[in-house]
Amino acid sequence: LMFTGTSGALTFTVNSTALEVLVGAAAKLTIKRYPVHEVSSAVFANQPQIALQDLGGNTVPLDATTAVSVTATINQGTLGGDSVVSVAATGLASFTNLKIVADGDYMLVFNSSSGLGVGGSHFTVAPGPPARLLSTAVTGATGGTAFTGQPEVTVVDAGSNAVRTTSGVTVTASISKGTLGGKLTAAVTSGTGVAVFTDLKIAEADTGYIITFNSSINIMGTTPAFNVTVGPLASIAVTQQPAGATGGTPFTTQPKVTLKDAGGNGVASQNAQVTVAVSTPGTLGGSLTAAVG
């Protein structure tokens, strides 16, 4: 240390003996490195590094007999990776594989096993690149009519976050059995990452249907399995034509009539009856009304 004094016109200086400033006891945690703009499901490009420091901001090294760990937590959601690391002999705790799956705004807090803590600032986790298509379930499926619950298909990253910046992408629907009707291609809306189908339908009543979606960017997805049930009565069809008609005697082949829904599936209808009439001159004899079986 140098001391300077004056007395009138006289100025004098004197130096102290050499003084060694030692690192003090650990008193705080300081963030040396911290996430900034990270990507969903990927390990942070900027992994946190925390320093154990004294009141003067000097990093406190640890001897071989002292063990201190630092734990990282987030303000919401789930933090992936190794969230507890040991402080090295250098006084630094370096995280290596932290990541967050869900996109959003986050803040990390660090606490040491010695009772010290520090909080970081907010940082963002953005969706990653498109990885697959995620579809809602189909509901209200009856033969030959548009589903009441049409599938909505979202472009998502590996963490199932919607990739909302997707534009110019189309999604096409198909099935492996039966016939899928309606408009089979829908465009993905930029800003939402969602393609909405409006009039898909399947004619054949059956179980275990799955719709597969393929996109113009070579990612795909499927709906959960669903069933198509028989719909309401929509038409009557002659499924066996009369034959063997001779005057005054019953036809050798009697006609059969089937009640059908919009998809052509037979509709079982309790207490329903069908009446037949002749459309050309003549008299139709026999029982002209039959119950639907």
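The values are calculated or read from the model by the stated rules, or taken from the named source; none is laboratory data. Note that this is a predicted model, so its numbers are computed, not measured. Ideal geometry is used to build each Cβ from the backbone, glycine not excepted, and the neighbour counts take in all protein chains shown. Just the protein is used for accessible areas: all its heavy atoms, side chains included, with ligands, DNA and RNA removed. Shrake-Rupley method; radii C 1.70, N 1.55, O 1.52, S 1.80 Å.
What pairs come out if I take residues in the stretch 238-266 that are surrounded by fewer than 10 Cβ atoms within 10 Å (Cβ to Cβ) and assigned to a strand (DSSP E or B) and pair them with residues that are at pLDDT below 90 and among the hydroxyl-bearing types (Ser, Thr, Tyr) whose C-beta lies under 6 Å away, six or more apart or interchain?
none
Would you mind stating whether Asn218 is polar (S, T, N, Q) and in a loop (DSSP other than H, G, I, E, B)?
Taking the combined requirement at face value, the residue satisfies it.
Mind listing just one residue for me: the one in the stretch 158-197 that is small (Gly, Ala, Ser) and not in a loop (DSSP other than H, G, I, E, B) and, of those, farthest from Ser40 (Cα to Cα)?
In this case the residue turns out to be Gly181.
Among the residues that make up the stretch 73-82, is at least one of them open to solvent by less than 50 Å² (accessible area, probe 1.4 Å), modelled with pLDDT under 95 and within 27 Å of Met220 (Cβ to Cβ)?
No, the stretch 73-82 contains no residue that is open to solvent by less than 50 Å² (accessible area, probe 1.4 Å), modelled with pLDDT under 95 and within 27 Å of Met220 (Cβ to Cβ).
Looking at the stretch 188-224 only, could you name the residues that are among the small types (Gly, Ala, Ser) and either out of contact with any strand residue (DSSP E or B) (no Cβ under 6 Å at 6 or more places or on another chain) or surrounded by 14 or more Cβ atoms within 10 Å (Cβ to Cβ) (or both)?
Hits for the stretch 188-224 are Ser190, Gly191, Gly193, Ala195, Ala203, Ala205, Gly208, Ser215, Gly221.
For the stretch 180-218, give me each residue that is touching a Gly at 6+ places or on another chain (Cβ under 9 Å) and closer than 15 Å to Phe147 by Cα.
Hits for the stretch 180-218 are Gly181, Phe197, Thr198, Asp199, Leu200, Lys201, Ile202, Ala203, Glu204, Ala205, Asp206, Tyr209.
If you take the residues in the stretch 45-65 that are open to solvent by 60 Å² or more (accessible area, probe 1.4 Å) and either of a type in the set (S, T, N, Q) or modelled with pLDDT of 95 or more (or both), which one is farthest from Val125 (Cα to Cα)?
Thr65
Which residue out of Ser86, Ser112 is free of Cβ contacts under 8 Å to residues at least 40 places away in the same chain and either closer than 24 Å to Ile211 by Cβ or over 24 Å from the mean Cα position of the chain (by Cα) (or both)?
Ser86
Please enumerate the residues belonging to the stretch 112-143 that are open to solvent by less than 20 Å² (accessible area, probe 1.4 Å) and assigned to a loop (DSSP other than H, G, I, E, B).
Gly128, Val138, Ala141, Gly143, listed by residue number.
When you check Phe123 against the structure, is it over 19 Å from His37 (Cβ atoms) and either among the aromatic types (Phe, Trp, Tyr) or touching a Lys or Arg at 6+ places or on another chain (Cβ under 6 Å) (or both), yes or no?
no
Quick one: would you say Glu20 is within 26 Å of Ala131 (Cβ to Cβ) and either part of a strand (DSSP E or B) or not small (Gly, Ala, Ser) (or both)?
Answer is no for this residue.
Got at least one residue in the stretch 147-157 being under 10 Å from the mean Cα position of the chain (by Cα) and either surrounded by fewer than 16 Cβ atoms within 10 Å (Cβ to Cβ) or in a loop (DSSP other than H, G, I, E, B) (or both)?
yes
Answer with yes or no whether Thr96 is part of a loop (DSSP other than H, G, I, E, B), buried (at least 18 other Cβ atoms within 10 Å of the Cβ) and polar (S, T, N, Q).
no
Output the qualifying pairs, or none if there are none: Cβ atoms under 6 angstrom, residues six or more apart or on different chains, first residue in the stretch 117-134 and hydrophobic (A, V, I, L, M, F, W, C), second residue in a loop (DSSP other than H, G, I, E, B) and buried (at least 18 other Cβ atoms within 10 Å of the Cβ).
From the stretch 117-134, the pairs are Phe123/Pro35; Val125/Ser40; Val125/Asp103; Ala126/Asp103; Ala131/Asp157; Leu133/Ile219.
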